[in-house]
1. Can you tell me which residue in segment 1-36 is nearest to residue 51 (Cα to Cα), limited to those that are open to solvent by 70 Å² or more (accessible area, probe 1.4 Å) and in a loop (DSSP other than H, G, I, E, B)?
2. Name the pairs whose Cβ atoms lie under 8 Å apart, with the first residue in segment 41-70 and modelled with pLDDT of 85 or more and aromatic (Phe, Trp, Tyr), the second open to solvent by less than 100 Å² (accessible area, probe 1.4 Å) and assigned to a helix (DSSP H, G or I), and 6 or more positions between them or separate chains?
3. Does segment 56-69 include one or more residues that are among the hydrophobic types (A, V, I, L, M, F, W, C), part of a helix (DSSP H, G or I) and touching a helix residue (DSSP H, G or I) at 6+ places or on another chain (Cβ under 8 Å)?
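The values are calculated or read from the model by the stated rules, or taken from the named source; none is laboratory data. Every value quoted in this text rests on a predicted model; they were computed, and no experiment measured them. Because the Cβ atoms are built from the backbone with ideal geometry, glycine has one as well, and the counts that use them run over all protein chains shown. Just the protein is used for accessible areas: all its heavy atoms, side chains included, with ligands, DNA and RNA removed. Shrake-Rupley method; radii C 1.70, N 1.55, O 1.52, S 1.80 Å.
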Amino acid sequence: MMMVTLDNYEEYMLLEADGELDEAGRAALYAFLEQHPGLKKEMDAYMSTRLVPDTNMVFEHKESLLKDEP
């Protein structure tokens, strides 16, 4: 069983922000945050670093970005 502690919670927050935390880890992290509500702002800060691509933006001539090798 995963155990989130005051010594390792930042690792769990980073994994969650990167989308790499499994369901068990996510459950452990959010249970830990319920016990330590003062860390929720820190979690929000980690989550605000998450980049989401704009899938509506399309560069129609992307092949023009390729250059021939010498």
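1. Only one residue tops the list, namely 18.
2. So the pair list comes out as 46/13; 46/14; 46/16; 46/17.
3. Within segment 56-69, none of the residues are among the hydrophobic types (A, V, I, L, M, F, W, C), part of a helix (DSSP H, G or I) and touching a helix residue (DSSP H, G or I) at 6+ places or on another chain (Cβ under 8 Å).
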